Amino acid sequence: VLELWHEWNSVHSFKVRVVLAEKGLAWRGHPLELLRLDHLRPEYLRLHPSGVVPTLVHEGRALGESSVIVQYLEEIRPRPALLPQEPYARARARLWLKYFDEVVHPAVRAASFPLLYRPYLRQCPPQELEDRIAAHPDAARARAFLDAARQPLDRAALGAALTRFTEIIGRIDTALAEAEWLGGERFGMADAALAAFAERVDHLGLQLLWRDAPRAEAWRARILARPSVRAAAAPPQHRLPAPAEELRREALACLAAPGPA
Ligand SMILES: N[C@@H](CCC(=O)N[C@@H](CS)C(=O)NCC(=O)O)C(=O)O
């Protein structure tokens, strides 16, 4: 049986849940709450020493890195295929996975800390947060939690993240001039990864970012209606509250404000 240590509100976990659903694979979930810092408990750090989610365990063996996990799933369950057969098309699908990990995720993180996590982290007893975060193997990641709790909203950083969102949407739109899906003629791994981005943009209440990109906007509607993507979404009891209207407006104002010279 496949077991997945994941967080319902994590985009990397989302990507893996979409692929599991596309392939009709049964899995047993071990949900962690990142804001409670469940991922820093010793039992999880033994499984994934970097202290990030997700981790897949198959036949007693643990595997981290969401893009490696989804390609592993492709190999153990080749049908339906989510990677094209033709080598160049296959390489391009892998480039989308890399783009998601290296470009999309940092932007999602930079927007999610102020808009989704900060309201919760600001309410944590400061000493408790500090004690728990001390176990984080990555000092920069630990700092992001502490800064979100203590520092004023960094408008320039939020504006930069949302500018990056519009660039990502632009890139999706350009790619869709060639085919209906990022994966080509059929839904594929690239779509599964970017579905997590589309879902997060909605969660943040920033749907209007798609409005100048009609092909991407149509893809967003198709992808969010897809059964595997719906199955991957957090059940209401696990879904973090969306940003309050005032905060959402502030975020859009950060996007509109000119960046530093
Ligand atoms: N490259 C890793 C990154 C995983 C990652 O950053 N996961 C986030 C959630 S989307 C996480 O665990 N964050 C916890 C933290 O920053 O402390 C992968 O693709 O699995």
Inset, instruction - List the number of the failed condition for Gln127; all other conditions in (1) within 28 Å of Leu255 (Cβ to Cβ); (2) part of a helix (DSSP H, G or I) hold. - result: (1)
Legend entry - Qualifying residue in the stretch 86-105 (condition: away from the ligand (no atom under 11 Å from the Cβ), over 21 Å from the mean Cα position of the chain (by Cα), surrounded by fewer than 17 Cβ atoms within 10 Å (Cβ to Cβ) and under 24 Å from Leu2 (Cα atoms)): no
Legend entry - Tally, over the stretch 6-43, of residues that are more than 10 Å from the ligand (Cβ to nearest atom) and either under 17 Å from the mean Cα position of the chain (by Cα) or not charged (D, E, K, R) (or both): 15
Legend entry - Qualifying positions in the stretch 155-183 - crowded, with 18+ Cβ neighbours inside 10 Å and at pLDDT below 95: Gly183
Legend entry - Looking only at the stretch 18-44, and only at residues there that are outside any loop (DSSP other than H, G, I, E, B) and either in contact with a strand residue (DSSP E or B) (Cβ under 7 Å, 6 or more places away or on another chain) or at pLDDT below 95 (or both), the one that is surrounded by the most Cβ atoms within 10 Å (Cβ to Cβ): Leu20
Legend entry - Residues (part of a helix (DSSP H, G or I) and near the ligand (Cβ under 10 Å from one of its atoms)) located in the stretch 45-83: Ser66, Ser67, Val68, Ile69, Val70
Legend entry - In the stretch 186-202, the residues that are outside any helix (DSSP H, G or I) and buried (at least 24 other Cβ atoms within 10 Å of the Cβ): Gly188
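The values are calculated or read from the model by the stated rules, or taken from the named source; none is laboratory data. Predicted, not measured: the structure shown is a model, and the values here were computed from it. Virtual Cβ from ideal backbone geometry, glycine too; neighbours counted across all protein chains shown.
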